[in-house]
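Below: one structure, written as structure tokens.
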């Protein structure tokens, strides 16, 4: 990516030069939510902008995010050739494609590979950190009823840009199995 | 908006449209922070309708005010009273005047000139609520324009209106010399014919009129920057509202801003005001006090707050 494009994309995501992957991700999540949902910040100016212009803003945000992710990946490659540094993005791409089972452990691995804190997810999804921990540890007994847990898993997966339906279906199949088992014991 | 004379004080103004967002509270405490750092500060209460900055500092209503400057021609420095805090003076607006719009344009220019000649490092001006052109012209006088909002939809709505009005006025004020002032006003008057529905379209339309106009607007856009303070937040989730407002200002209106910091809700604040205590003096170790110190530094440095939580 040319340095001109790089600056343009960073500007779109309202970041300073040299922003880290986790900062890029956070900014993207924030802006995407801001321009696609209603909030006290956007309600007052609904008539100020046409739906097309709004879509255009969202498109630019998506475009900038994708381009920046690629540039991070490229850098990772370069770094790898020079020395065997931590391959963050590479592993993520592989796991998200290859994984068909999303156990709590697998989710945690993906998250850590992306250098994302549970607190980040909690702040953005409004799911309590403790529940996120329970999801990763598959502490089914402390997780809330099925519908809620499913919602939490979806939020978690969306934050990591995973296919949330796939993740939730897989994850909840184990939850259901545990629940059956648990009820039999009773 | 830049001060040419190095001797003259740096001027900060605090506005933001809605009343009750804590402008006076923020300004008096930011001033206190600067004074604690050894800087010489003068607070001016330009809330010409309801000057009450003295209450935030816990001192009695001064007997002299800006009215004396206008009516009795008293020199401005002679109207600065002791604020009760070291390094900080106070100059209050016309509390006895019942017509806040009663200042003539020439009087206003004279006042601005004298403010710039005050002997201080920083002059902090507290504006009243609203977006009257008198208020906005004072706001634009600043080297640093500060706005205070709270996480409520009306405050945010008023802020957008305030900033748009301020920018519009900023452009208008600079067009006088180019003989283009009427062009802008007429365009706005005939906006229906031009198919202009909002601020953005107005700016685009004006830019399309001529190369000169485009250059002027672009210059004005680049030197316009508001410093946003988010006051009275109730949860850490609300911190991001400042980032959101900043983003909207840029992406919808093309206006630059810096989000310099937030201040948590603290019930002690209103207790302090009612007891006529200065908050920073009474609770220097509180979380709010730390937050105010941080945002003061950010304004000084002209940078955004650090978003790393």
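A compact table of results
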| item | result |
| --- | --- |
| Condition check for residue A:3: surrounded by fewer than 17 Cβ atoms within 10 Å (Cβ to Cβ), farther than 26 Å from residue A:123 by Cβ and at the interface with another protein chain (Cβ under 10 Å from one of its Cβ atoms) | no |
| Pick from region B:202-229, criterion in contact with a helix residue (DSSP H, G or I) (Cβ under 8 Å, 6 or more places away or on another chain) and not in a helix (DSSP H, G or I), ranking: surrounded by the most Cβ atoms within 10 Å (Cβ to Cβ) | B:229 |
| Which listed residue is under 26 Å from residue B:10 (Cα atoms) and assigned to a loop (DSSP other than H, G, I, E, B), from B:305, B:280 | B:305 |
| Selection status of residue B:299, crowded, with 17+ Cβ neighbours inside 10 Å, assigned to a strand (DSSP E or B) and modelled with pLDDT of 90 or more | no |
| Answer residue from region A:21-49, given it is more than 9 Å from chain B (Cβ to nearest Cβ) and free of Cβ contacts under 8 Å to residues at least 12 places away in the same chain and is surrounded by the most Cβ atoms within 10 Å (Cβ to Cβ) among those | A:46 |
| Residue in region A:52-72 that is over 21 Å from the mean Cα position of the chain (by Cα), outside any helix (DSSP H, G or I) and within 14 Å of chain B (Cβ to nearest Cβ) present | no |
| Matching residues, region B:230-271, being without any contact (Cβ under 8 Å) to a residue 40 or more places away in the chain, in a helix (DSSP H, G or I) and more than 10 Å from chain A (Cβ to nearest Cβ) | B:268, B:270, B:271 |
| Residue within region B:68-79 that is closer than 24 Å to residue B:271 by Cα, modelled with pLDDT under 90 and surrounded by 20 or more Cβ atoms within 10 Å (Cβ to Cβ) present | no |
| Selection within region B:173-201 - closer than 19 Å to residue B:252 by Cα and not in a helix (DSSP H, G or I) | B:195, B:196, B:197, B:198 |
| Selection within region B:148-172 - within 14 Å of chain A (Cβ to nearest Cβ), touching a helix residue (DSSP H, G or I) at 6+ places or on another chain (Cβ under 8 Å) and not in a helix (DSSP H, G or I) | B:149, B:151 |
| Criterion: away from chain B (no Cβ under 14 Å) and surrounded by 13 or more Cβ atoms within 10 Å (Cβ to Cβ) - qualifying residue of A:115, A:139 | A:139 |
| Filtered residues of region A:6-20 (kept if part of a helix (DSSP H, G or I), away from every other protein chain (no Cβ under 13 Å) and in contact with a helix residue (DSSP H, G or I) (Cβ under 7 Å, 6 or more places away or on another chain)) | A:6, A:9 |
| Residue in region B:247-261 that is within 24 Å of the chain's Cα centre (by Cα), modelled with pLDDT of 90 or more, loosely packed, with under 13 Cβ neighbours inside 10 Å and closer than 27 Å to residue B:144 by Cβ present | no |
| Residues that are free of Cβ contacts under 8 Å to residues at least 40 places away in the same chain and under 23 Å from residue A:69 (Cβ atoms), drawn from region A:96-116 | A:97, A:98, A:99, A:106, A:108, A:109, A:112, A:113 |
| Hey, residue B:199 surrounded by 22 or more Cβ atoms within 10 Å (Cβ to Cβ), free of Cβ contacts under 8 Å to residues at least 60 places away in the same chain and farther than 23 Å from residue B:30 by Cα or not | yes |
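The values are calculated or read from the model by the stated rules, or taken from the named source; none is laboratory data. Nothing here was measured: the structure is a model prediction, and the numbers come from that model. Positions of Cβ are backbone-derived with ideal geometry, glycine not excepted, and every protein chain shown enters the neighbour counts.
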